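Enquirer: The following block contains the structure, expressed as structure tokens.
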Amino acid sequence: MALAAAASAGGVARCSGAVPRAARSRRLGGSLSALWNRVAGVSNVDGRGSSRWAAGGPAGRRGLLTACSAAPGAGAAGMGEGSGPRVCILGGGFGGLYTAVKLESLIWPRGTKPRVTLIDQSERFVFKPLLYELLTGAASDDEVAPPFSQLLAPYPVAFVQGRVAAVQPEHTTQDGGSLGGGVVVLADGASVPYDWLVVSLGAETATFGVPGVRECALPFSTYQDSQRVAARLALLESRLSYPEVVVVGGGYAGVELAAAVADRLQGRARIKLVTSTPDILNGSPEGNRETARRVLQDQGISILAGAQVTEMRMAGSGSGEGAAGGADDLAKRLVYLRDSEGQQEILEADLVLWSAGQAPVTNAAPSEHAPALPFATNRRGAMQTDATLRALRHQRVFALGDIAVSSGGQEQPALPATAQVAFQQADYVAWNLWASINNKPLLSFSYQHLGDMMSLGTTSGAVTLPIPVPPQLSAAAQSGGPLGQLLKAAGVKLSGSYGGAGGGVTLEGPLAAALRRAAYLYRQPTLEQQLRVAGGWAQQATSQLRDVLATAAGRGASR
């Protein structure tokens, strides 16, 4: 069923309230030059010849945010005028941000358009699948982690930076649920009232109780994590001729991270990938697994499968002691392993990257930082929802993303913690909010798996699409004949079926890397960000082409 939507128009950020229809029309009909100015944040020049920032530029956005927070009667949410219901969204990841943007694109009956407030503890949205590009230099910070003030500038969405401490419904029912709104309490004591609540706080790196992980290893899940890892790699590159790196975790995150580190260090390091499963990418399509295994081998990465990390220590310290030091810390890390037969091994490393899994923030965060949420959770700490993604026993609360599980109160396998799940859930949550506010039937969420994509360095990747392949065609492609040779040259594999890990159509190499980038460009949250990212990537491609042509010209001249 198609979701009703209207094209969202650009413009400046405002504290609250719907954008007048006439103003939307004027903005929609704006010139391309004005759009580019807003995207690039360039300065305008007034009649007196002095430069001033455009409303979409950094200074203008900072001023607008300040004005929102200081508006009379706005409170912590920064909401001013407007009579629509108050929708508060907790978490600015894929689920939360995309829900906010989607709400602004829907057509609302007069007087029902909500006043939306987005709360996140960071000032930046992070497009997590592209974090690896920050290590290799294939993307800039603003392409991967743009500020919320920049993304939300075209929408009347108020942004509040803060850590959620608790959610307090105004009136609770006998079974612990709620029928109305409530208040979100922030760590600094501020409070944000809501009529409708969306919880999308996501997940955080989980150590699973392994001693020494927090002291000895670096996670790779946030923008700040990527900065710390990049700084550590820069230190090792400048001080050591052949550093040793251990990556823990054999899922997509660990494999992509190991490939990115190897791509950056260009063979000047010894890299080991540790996974507790019998093979990397356990449960993933075979095409992706084979491609990843071959690329990692070509990069010189050693795979230690079936190895469980039992402890980590800093060299010369006891268990859990001697946390990693400052910027010049060159102490060795000791990683203690145990295989399936009980044999133990100790790895020495200059850098340990922990990518062994995540858990909902209610479980992963230290107890003193975990938000107090009055919602039913499963054993993993994920909020339980019904089929419409509404929290159990809470009529005006929806949950999505890594913090939620659509189980109806029954224990069921969780959906994969991927961006495409959050993308799809955001559409349903936005629509069901619209339906709830307007007393219309809600839609049950139905996940459609679109395939599996992974990065394997700057110019390589693997993409498996769930496209059924007739056995005869698959056999012909694998026979070594003309068709098989042609597909191999193009970086295409065919398998007879697709059933999660069964097969389908697998693309690899530069073709897969290009398709992955195109898909993520399409999935950027706003048109302005799409243009910004496309422009950055076009400049990068132009620079690379120029370098190739210059190298070729130099070789020709030397002959």
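The values are calculated or read from the model by the stated rules, or taken from the named source; none is laboratory data. The structure displayed is predicted, hence computed values, not measured ones. In this analysis, Cβ positions are derived from the backbone assuming ideal geometry, glycine residues included, and neighbour counts consider all displayed protein chains. Note: areas computed on protein heavy atoms with side chains; ligands, DNA, RNA excluded. Shrake-Rupley method; radii C 1.70, N 1.55, O 1.52, S 1.80 Å.
Enquirer: For the pairs LYS102/LYS493; LYS102/LYS128; LYS128/LYS332, note any where the Cα-Cα span goes beyond 26 Å.
Expert: Values: LYS102/LYS493 36 Å; LYS102/LYS128 20 Å; LYS128/LYS332 29 Å.
Pairs exceeding 26 Å: LYS102/LYS493; LYS128/LYS332.
Enquirer: Using 0.36 nm times the number of residues separating ALA538 and ALA372, minus their current alpha carbon distance, what extension gain do you get? Before the final figure, lay out each step's value.
Expert: On the way: separation 166, 0.36 × 166 = 59.76 nm, distance 4.52 nm.
55.2 nm is the gain from fully extending ALA538 to ALA372.
Enquirer: If I model a spin label at THR277 and ALA490 as a point 7 Å from the Cα along the Cα→Cβ vector, what separation in nanometres do I get?
Expert: The modelled label-to-label distance comes out at 2.9 nm.
Enquirer: Pull up the cross-link candidates among the aspartates and glutamates for LYS113, meaning alpha carbon to alpha carbon under 15 Å and not fewer than 8 places away within one chain.
Expert: Excluding near neighbours in sequence, the set is GLU81, GLU104, ASP195.
Enquirer: I've got another one for you. Shape verdict for the range 219-276, please, from the Cα gyration tensor: rounded (a/c under 1.5), prolate (a/b greater than b/c) or oblate.
Expert: Numbers: a/c = 2.08, a/b = 1.23, b/c = 1.69.
It comes out oblate by the Cα gyration axes.
Enquirer: With a 1.4 Å probe and all protein chains kept in place, how do TRP354, TRP434 rank by accessible area, largest first? Walk me through the numbers on the way to the answer.
Expert: Working: TRP354 15, TRP434 45 Å².
Output order, biggest surface exposure first: TRP434, TRP354.
Enquirer: Along each principal axis of its Cα atoms, how long is the range 158-309 end to end? Whole angstroms, biggest number first, please.
Expert: Principal axes ranked by extent give 60, 37, 32 Å for the Cα atoms.
Enquirer: OK, next. Please compute the Cα-Cα pair-distance distribution of the range 130-181 with 10 Å bins starting at 0, giving whole percents from short to long.
Expert: Per 10 Å bin, starting at zero, the Cα-Cα P(r) for the range 130-181 comes out as 19, 23, 26, 18, 12, 1 percent.
Enquirer: Quick one: if the Förster radius is 51 Å, what FRET efficiency do ILE107 and LEU473 give, using the C-beta to C-beta distance and rounding to 0.05?
Expert: Working: r = 45 Å, r/R0 = 0.88.
Taking R0 as 51 Å, the efficiency between ILE107 and LEU473 is 0.70.
Enquirer: Counting only protein heavy atoms and using a 1.4 Å probe, what share of the accessible area of the range 201-317 belongs to carbon plus sulfur, as a whole percent? Mind showing how you got there, number by number?
Expert: Working: 2140 of 4620 Å².
So the carbon and sulfur contribution to the accessible surface is 46 percent.
Enquirer: Here's a follow-up. Return a whole-number percent for the relative contact order of the range 386-475, with Cα pairs under 8 Å and 6 or more residues apart as the contact set.
Expert: On the way: 86 pairs, mean separation 19.7, N = 90.
Relative contact order for the range 386-475 comes out at 22 percent.
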